[in-house]
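Input: a single structure, listed below in structure tokens.
The values are calculated or read from the model by the stated rules, or taken from the named source; none is laboratory data. These numbers come from a predicted model, not from an experiment. Please note: Cβ atoms are built from the backbone with ideal geometry, for glycine as well, and neighbour counts cover all protein chains shown. For the accessible areas, the whole protein counts, side chains as well, though only heavy atoms, and no ligand, DNA or RNA atoms are used. Shrake-Rupley method; radii C 1.70, N 1.55, O 1.52, S 1.80 Å.
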Amino acid sequence: GVGSITRDPLYADTAAADYHLQPGSPCIDSGNPDGQYNDPDGSRCDIGAFGGPAAPSERPLVVTLVPEANDPA
């Protein structure tokens with residue numbers, strides 16, 4: 001049906017219960033197209049437990065020497 005895939009999702013290591021997606025997975029950027037579900041980097045969400053707005057971000061934490069600039073708000 002709509003939103004389903006029939007190809008191998010290319011999990012990292014199912015024997016070790018690691019269900020992260022490998023590069024090239026058909027699940028990457030294939031989730032809900034509504035922008036509210038985008039990954040933290042702004043791309044379309046991935047299908048699976050590690051996609052969407054609460055997904056871990058690969059972006060580095062930037063800290064400055066100006067304390068006010070470190071306020072995440």
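Scanning segment 40-60 for residues that are in contact with a helix residue (DSSP H, G or I) (Cβ under 7 Å, 6 or more places away or on another chain) and open to solvent by less than 50 Å² (accessible area, probe 1.4 Å) yields CYS45, GLY52. Checking each residue of segment 23-39 against the condition of being of a type outside the set (A, V, I, L, M), surrounded by 14 or more Cβ atoms within 10 Å (Cβ to Cβ), modelled with pLDDT under 90 and in contact with a Lys or Arg (Cβ under 9 Å, 6 or more places away or on another chain) gives no match.
Taking GLY1, is it modelled with pLDDT under 95, assigned to a loop (DSSP other than H, G, I, E, B), of a type in the set (Gly, Ala, Ser) and touching a Lys or Arg at 6+ places or on another chain (Cβ under 9 Å)? No, not satisfied.
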